[in-house]
Every structure is written in structure tokens, then in C-alpha cells.
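Notes to accompany the following structure.
Bear in mind that the values in this text are calculations on the coordinates, not laboratory data. Model, not experiment: these values are computed from the prediction. Quick reminder, even Gly has a Cβ in these numbers, built from the backbone with ideal geometry, and neighbours come from all protein chains shown.
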Amino acid sequence: MAYAAGIAEFVDKVNAALPPDFYTYPVERQRALYDSLAEALPIPVPASVTWRDATVEHQDRPATRMRIYQPGWHGGDGVIFYVRGGGFVIGSLTSHHSLVAEIADRTGLVTVALDFGMAPENPFPGPVEDCYAGMTAVLADPAAFGLSVDPAAAVVAGESSGANMAVVLSMMARDRGGPALRGQALISPVLDFTRWRHGGEDAPLLSGGEMEFYTACYCPDPELAADPYVSPLLEGKFHDLPPAYVVGCEMDSLRVDAGTYADLLRANGTPVEHVLEAGMVHAPVRARGMSEPAADMVRRFCAAAAALAGGPEAVSDAR
């Protein structure tokens, strides 16, 4: 296997800003370093996109935050909910700000970045319950958030651990009787945490030690790692899930999760498009500013998400 154009340089830049052993640092230091990637790999926010923050109260947990992005053009009445990666431990609304804004700009759809309380302070099921609360609140009453969207045209999306939560949100929506979702768009989903309980395979920008750390933070009780809402591939049920666009990356140890999930969806009658990105490392969304293949991956991901929501089936290259 060989890196796609620009990816070797991307890996070097990430490693310079976020050392491979960063997961051994104090958690607050990890979070600061991860957020600094937005400065090390700057990508401007589209000028026509506006955004605002909102909160949702739910159960006995702290208020759930979200950031709502309004595109400068109208691509349809659907809405995309994006859940960021970061192993449930690192990341913020800031770390993925330009990416979510770009999704809104490319699709012409309102896009909502769901925030959540992070592990280890907030282990499973806290993060995914926060996301579910935010998503359901918006779809139950869009006008309360100043939105004019179709609650029946919602897509959940995310990368890495965020893609895990997007899958689980699809399952929770089915199991809890709603909200009805129209699609799921995933990049490098991690869908079996049991294989990482004691470390595992190293890959560029995703080491076995890092995955072991994330697993312990999210699932401090070893039995939780096998929960179907943590590791859907083990005992999850795959019937009646929304159509999916699933991206795996050739040089990513999690590519098997993407392929297995796509196969299980097909076996249960769910339409799915599975794409294996050649020469790509784990969830390289930040590489889009220095790698044309990565930029093309993000363009196609946005077009697929828009199509799932019922928006335009193709997005202009000019966007």
C-alpha cells in the first residue's frame, strides 16, 4: 500500500502537532493539543455560512450543546447531524468547526454539530445519550431552534468514534420509536471495541495504544465494550436501519469495521454504498486542505449525505 497524494505530508504534520504518544499525557493536555490541529492544518470557513450555538436540557445531565450551521444557499429541506471523532475523549465544537461548516456549504443543508460530555468524565452511555437528546429535540420542534427543516429528512453523520455514535443513534432511533432518520453517512467507523481492550494493530495516525486508552475511558467496565450500543458488530441488530454511505480507508486498521457493517446492512435489506479510499489513513478529513484525494473524498461524502437527505444528488465542484 502507498499513501495517496499529500497524505504522507499530512501524517507528518499531524504527528508534529499531536505526538503519537499523546494519549499518555494528562487528558486536558491531550484536548488542547488536539484542538491545536485546527491551527496546524488551517482550512477557512466558507464565507457564506453562518452559525449559532444552542443548548438542550435533558434528564439529569448537564445541558447538551450543539452548533447550528446555516448554508448560504438552499439545497433542500433536510438536516444533517454531525458527530465529531476523537475517541469520545478529545475534540470540541472548535476542533471540527471548519469541517461542519464546509458540509453545510457543500450540501446546502442545515447542519448541526452535536456536542456531548466526554469520557473519561462521562463514559458510555453519556455521550451518545447527549447526542440523542440534541437530535431528537431539534427534530421534535425545529422552529424552537429557528429552523425551517423537514424532520423526516434527517441524516446522521460522523467520523471515527463520531461514526460509531451515528450508527448507534440510528439504532436508538429505531429501538425507541423515533425519530425517523433518512440516512447515515460514515467515515472510518469504529464498531467493535472489544478487539482494542488490550491494544492491537498500529496504523498511521491510529495506534493500538491509543485505541486501548479510548476503550478504557469510554468503557471503564470491561463488559460495557460488548454492549450493542458500543460495539454494534458483536450483538447489534441491523434490521430497519436507514440507508447508508460508508467510507473505509485502505491504510486504516478500522477499514474492516466499515466493510463488515456495510455487509450486515445489505444482508438486512438496507441500501448501502461502501467506498474503500485508496492510500488513505484513518478518517483523513483534516487532510482535505493539502491532499486532493482527501478533498475529493470529502466532496463525495457531502454529495452522498445530501442525496440521502433528499437533496441534490450531485454538488457543484465550485462549492
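Tell me, what HN-Hα J-couplings in whole Hz come from the Karplus equation 6.51 cos²θ - 1.76 cosθ + 1.60 at θ = phi - 60° for each residue of the stretch 75-92, using x for Gly and Pro?
So the J values, rounded to whole Hz, are x, x, 9, x, 9, 10, 9, 10, 10, 6, x, x, x, 6, 10, 10, x, 6.
Scan around Ala244 for amide H atoms under 5 Å from its own, H built in the peptide plane at 1.01 Å from N, and keep only partners 5 or more places away or cross-chain.
For Ala244, whose amide H was placed from the backbone, the distant partners under 5 Å are Gln184, Val272, Glu273.
Report the extension gain between His239 and Glu39 in nm, rounded to one decimal, defined as 0.36 nm multiplied by the number of residues separating them, less their alpha carbon distance.
The span from His239 to Glu39 would gain 67.8 nm if fully extended.
What ranking do 57-67, 176-186 get when scored by the average of other Cβ atoms within 10 Å per residue, highest first?
So the order, starting with the most tightly packed, is 176-186, 57-67.
Normalising by the residue count of the stretch 68-166, find the relative contact order in percent from Cα pairs under 8 Å and 6+ residues apart.
Reported as a whole number, the value is 43 percent.
Taking the Cα centre of the stretch 7-308 as origin, sum charge times position over the Cβ atoms of Lys and Arg (+1) and Asp and Glu (-1), and report the length of that vector in debye to the nearest 20.
Its charge dipole is roughly 580 debye.
How are the alpha carbon pair distances in the stretch 29-126 distributed across 10 Å bins from zero to the largest one, expressed in percent?
For the stretch 29-126, the pair-distance distribution reads 16, 42, 32, 10, 0.
Enumerate the amide H contacts of Gly199 below 5 Å, restricted to partners 5 or more residues apart or on another chain; note that Pro and chain-start residues carry no placed amide H.
Amide H neighbours of Gly199, under 5 Å, 5+ apart: Glu212.
If you look at just the Cα atoms of the chain, how large are its Rg and its Dmax in Å?
17.8, 50
Work out from phi, with θ = phi - 60° and the Karplus expression 6.51 cos²θ - 1.76 cosθ + 1.60, the ³J(HN,Hα) of each residue of the stretch 48-64, listed in order in whole Hz, and give x for Gly and Pro.
Per residue, the Karplus-derived 3J(HN,Hα) values read 7, 8, 10, 8, 8, 9, 9, 9, 9, 8, 7, 6, 9, 9, x, 4, 7 Hz.
Ordered by residue, what ³J(HN,Hα) values in Hz, to whole numbers, does the stretch 249-262 give under the Karplus form 6.51 cos²θ - 1.76 cosθ + 1.60, where θ = phi - 60° and Gly and Pro are x?
Values per residue, Gly and Pro as x: 10, 4, 9, 10, 5, 8, 4, 5, 5, 4, x, 5, 4, 4 Hz.
Please sort 261-271, 120-130, 39-49 by packing, taking for each peptide the average over its residues of neighbouring beta carbons within 10 angstrom, highest first.
120-130, 261-271, 39-49
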